[in-house]
1. Step by step: first the residues of the stretch 451-460, then only those that are in contact (Cβ under 8 Å) with a residue 40 or more places away in the chain and not aliphatic (A, V, I, L, M), then the one that is surrounded by the fewest Cβ atoms within 10 Å (Cβ to Cβ). Which residue is that?
2. Go through the residues of the stretch 109-122 one by one and say whether even a single one is at pLDDT 95 or above, within 14 Å of the chain's Cα centre (by Cα) and β-branched (Val, Ile, Thr).
3. Checking the structure you have, find out if any residue of the stretch 217-226 is surrounded by fewer than 18 Cβ atoms within 10 Å (Cβ to Cβ), free of Cβ contacts under 8 Å to residues at least 24 places away in the same chain and more than 26 Å from His43 (Cα to Cα).
4. Answer yes or no as to whether Gly434 is assigned to a loop (DSSP other than H, G, I, E, B) and within 24 Å of the chain's Cα centre (by Cα).
5. Would the stretch 142-162 turn up any residue that is assigned to a helix (DSSP H, G or I), touching a strand residue (DSSP E or B) at 6+ places or on another chain (Cβ under 8 Å) and touching a residue at least 24 places away in the same chain (Cβ under 8 Å)?
6. Within the set of pairs 6+ apart or on separate chains, which have a first residue in the stretch 380-403 that is part of a strand (DSSP E or B), a second that is surrounded by 20 or more Cβ atoms within 10 Å (Cβ to Cβ) and not polar (S, T, N, Q), and C-beta atoms under 6 Å apart?
7. Considering each residue of the stretch 331-367, count those that are outside any helix (DSSP H, G or I) and touching a residue at least 40 places away in the same chain (Cβ under 8 Å), and give that number.
Amino acid sequence: MTAIRKAGEHCSTADVRRALSALMPHLTYYWERPLRDYASVAHDVKKFHSESCARRHAMELLCRCVERSARRSGYDHDEAQSASLHLMASPVLQTGPHCLLLIEPDAFYTHLFSLLGLNANSREWYITYHASTVSFAEKAKKGPGWLWLEGEPLNVFGLPRGQMDSFSICGSNGPYRFAFSNAKGDPAPNDSAAHLLSELPSDEFSSAADAIRAANQTLWRGNLPSPIKLLQLDDFDIADLVADHLEDAGSWMSARFIGGGKVAESILDAMDRLNIGSWQGWVRRTTDLFWRLEKGRIVPLRLQGNTLRARTPSSFAVSFRPDRIAAALRQRAIVPSLYTVFLVLSILPGVRALGGCRQTIYYPLMRYLTAIGLERSGNFDLLSDLRGDDRPGLWGHRVLKPADGYPFQDIGFCGEAPRPLSEYAEMPLVKSSGDLASFTGDPIWANLSEQIANGVITSGSTEWQLSGS
């Protein structure tokens, strides 16, 4: 019998659960178990250890990145060092939510899920990557520039529509400051907005991403009853991390990946091949390894010969050499693509990445593409590490999506007693994950579900062999 689908659904929740369980068999055990059990295993990782020089070097550079970011977020030297030691002891990052205010439901409940896992494993730090190469409005009245309060969509920074639709929040074209205006332009138009605005920094920021980062630190410290420290890495942190790799002549990225260009080209070619087969659409070549950041917008780059070029009418070009690309990253002329982000943040250093509905699929495929590059470059020790990674990517975003959830109420922002986290902890995963609308409303998931049902894609597919599932 065919399941009845709701309006806007391309496949059913049952289809999604079957597909997830087929590619990630461990999920079968957790669907009916309390959410705390799945959260605990998601954050249960072994201390970092590797025989590969390339992997050890990548982790060393990532730890330096974490320390820099911690200092930038207001932590002192000892705390920053503690954050990097934590990552070595527990190499896992939440990479699901984009750069959203903590109080935004899509981010908030993912953070609560992570807290369940961190508490279960007695962790002291919560380290995340929140993508900031996104526009203020990712879809109608949703995205970093919008927040729904008391049933009303509010413009977080009081920006004109043209800027909301086309500008990236990582662009340093401010100043930006929190405003919370409604469609009529009324500032802080309801009690919740006024309350929240009084809690947020009143400073001006050069980018919206910087504003959100500062706001989240304030909200985390002041409103979440947890001793766990928050650290959020953004795309400028990762840009500097990539530059660290490229400025070190001994790093794999400098000597092999970009040096000579052949390894990078082999990965891009493999990406094209992947995108015309049964995995079509999951890892798209929207840009070649980096984005051009130009007047607040991100522009695709194409690798042509030994040069990265922006599309016309931009005249931007940078030589595909480690030193030139590193300089462009330091100058914020370019920022890493999503593939390059995951390469330095997770794949090379061996850090587990927790992500959302699309990441659960595209991240293992990115590992497959990287393996092609490692084979081309002859780095078989690192390739061996990739093959031995234990569940390097897990579903960890929108795992908790309560039907009656309201962040203000859940943290006692309205003067009421906050909801105990234990209530969510006891929910079975099949209930806590709700209607799986982010999956069922996505045509690419409907296609994947059909491919799995027809046996075209299985957990034994070549492209899935580095998923670690």
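The values are calculated or read from the model by the stated rules, or taken from the named source; none is laboratory data. Keep in mind the model is a prediction, meaning the values are calculated, not measured. Virtual Cβ from ideal backbone geometry, glycine too; neighbours counted across all protein chains shown.
1. Per the criteria, the residue is Thr458.
2. Yes, that holds for at least one residue.
3. no
4. On the way: assigned to a loop (DSSP other than H, G, I, E, B): yes; within 24 Å of the chain's Cα centre (by Cα): yes.
Considered against the rule, which asks whether it is assigned to a loop (DSSP other than H, G, I, E, B) and within 24 Å of the chain's Cα centre (by Cα), Gly434 comes out as yes.
5. No; the residues of the stretch 142-162 include none that is assigned to a helix (DSSP H, G or I), touching a strand residue (DSSP E or B) at 6+ places or on another chain (Cβ under 8 Å) and touching a residue at least 24 places away in the same chain (Cβ under 8 Å).
6. Going by the 6 Å Cβ cut-off, the qualifying pairs are Gly393/Ala353; Gly393/Tyr363; Gly393/Pro364; Leu394/Ala42; Leu394/Leu354.
7. 17
Listed here are the residues, each with its yes/no results for (1) more than 25 Å from the chain's Cα centre (by Cα); (2) among the hydrophobic types (A, V, I, L, M, F, W, C); (3) under 22 Å from Ala249 (Cα atoms).
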position	(1), (2), (3)
Ser314	yes, no, no
Arg324	yes, no, yes
Val335	no, yes, yes
Val341	no, yes, yes
Asp381	yes, no, yes
